[in-house]
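The values are calculated or read from the model by the stated rules, or taken from the named source; none is laboratory data. Every value quoted in this text rests on a predicted model; they were computed, and no experiment measured them. Backbone-built Cβ (ideal geometry, glycine too); neighbour counts: all protein chains shown.
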Amino acid sequence: MWHGRTVSVILPTYNERDSIRRNIEEYFETGVVDEVVVVNNNAAPGTSEEIARTRAREVHEPRQGYGYAIRRGLQEAAGEYLIVSEPDGTFLGRDALKLLAYADDFDVVYGSRTARMFIWRGANMGLFLRWGNWAVAKMMELLFNSTNLTDVGCTTRLIRRSGLERIEPYFTVGGSAFGPEMMLLTLLFGLKVIQIPVNYLPRVGESAVTGDVRKAFVLGLVMIGLVVRYRVRSWFGWRPPLARARRAA
């Protein structure tokens, strides 16, 4: 619990059998996390057994895709503060404290992996990924006149329950571009957003996306298309219905 509010951590898992147990334990070791919800997204054999050795709660999402897994986890979690991350060894559980330190003042706290002093030796954050994520984030910042953004692909983030309730009905992405869509919706709804640097470590095992330069490049194009589509639609008068109602009020 953090300042009287419950804290949930949502971890999607597909190929993290060898790292997930330690990652779950790191979150509970902070002393502020009330529950960890692990979403089994057709995970590797043996993953459920590793989860069962912890205090985490496992749920299953049969639809394949990062976005579907996160959306299911957000539905299942009970906390007032909702932290999303990945249990592949690239993020530290203790950084939950860093996100929570800003939660009293902001609706959403996004992590960023692009600060050099927080990128650990051996982490998969070469020039292409680092500057590619930075460039798309700056594109989003410019087009939406937002707060300072430096990483569009970081999967570690925190959102208040009240903020989630406003944007959740408008989630459409089930794949790897879910993260940017969530960022775009928080900006369109005018939520108070900040992005802060988090630690980024070498992955345990190989990523299904960022481990392949071609897949990472294609995902980058998808993210750019998503940013442009949301911006163009808003220029032609599209707003989420709840946002229109709030402006009218």
I need every pair where a residue in the range 102-124 that is under 14 Å from THR156 (Cα atoms) has its Cβ under 6 Å from the Cβ of a residue that is charged (D, E, K, R) and assigned to a helix (DSSP H, G or I), sequence separation at least 6 or different chains.
THR114/ARG130
Which condition breaks for GLY179 when tested against (1) under 22 Å from ALA77 (Cα atoms); (2) touching a helix residue (DSSP H, G or I) at 6+ places or on another chain (Cβ under 7 Å); (3) part of a helix (DSSP H, G or I); (4) modelled with pLDDT under 95?
(2)
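Is it true that some residue in the range 26-37 is β-branched (Val, Ile, Thr) and farther than 14 Å from VAL84 by Cβ?
Step one: filter the range 26-37 for residues β-branched (Val, Ile, Thr), giving 30, 32-33, 36-37.
Next, only the ones that are farther than 14 Å from VAL84 by Cβ stay: 30, 32.
Within the range 26-37, one or more residues are β-branched (Val, Ile, Thr) and farther than 14 Å from VAL84 by Cβ.
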Yes or no: the range 56-75 includes at least one residue that is part of a loop (DSSP other than H, G, I, E, B), hydrophobic (A, V, I, L, M, F, W, C) and closer than 24 Å to PRO202 by Cα.
yes
Cβ-Cβ under 7 Å, sequence separation 6+ or interchain: first residue in the range 12-23 and under 17 Å from GLY179 (Cβ atoms), partner among the aromatic types (Phe, Trp, Tyr). Which pairs?
PRO12/TYR66
Failed condition for TYR102, given (1) more than 27 Å from LEU219 (Cβ to Cβ); (2) in contact with a Phe, Trp or Tyr (Cβ under 9 Å, 6 or more places away or on another chain); (3) surrounded by fewer than 22 Cβ atoms within 10 Å (Cβ to Cβ); (4) of a type in the set (Ser, Thr, Tyr), with all others met?
(2)
Looking at the structure I just gave you, is ALA44 out of contact with any strand residue (DSSP E or B) (no Cβ under 7 Å at 6 or more places or on another chain), more than 23 Å from MET183 (Cα to Cα) and of a type in the set (Gly, Ala, Ser)?
yes
Of the numbered conditions (1) crowded, with 20+ Cβ neighbours inside 10 Å; (2) closer than 24 Å to PHE171 by Cβ, GLN75 fails exactly one; give the number of that condition.
(1)
I'd like the full set of residues that are in contact with an Asp or Glu (Cβ under 9 Å, 6 or more places away or on another chain) and either on the phi > 0 side of the Ramachandran plot or crowded, with 17+ Cβ neighbours inside 10 Å (or both), limited to the range 137-156.
ALA137, LEU149, THR150, THR155, THR156
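Of all residues being assigned to a helix (DSSP H, G or I) and touching a residue at least 40 places away in the same chain (Cβ under 8 Å) in the range 157-166, which is surrounded by the fewest Cβ atoms within 10 Å (Cβ to Cβ)? Just the residue, please.
Pass one, the range 157-166, residues assigned to a helix (DSSP H, G or I): 161-166.
With the extra rule that they be touching a residue at least 40 places away in the same chain (Cβ under 8 Å), the set shrinks to 161-164, 166.
On the way: ARG161: 17, SER162: 10, GLY163: 20, LEU164: 19, ARG166: 20.
This residue is SER162.
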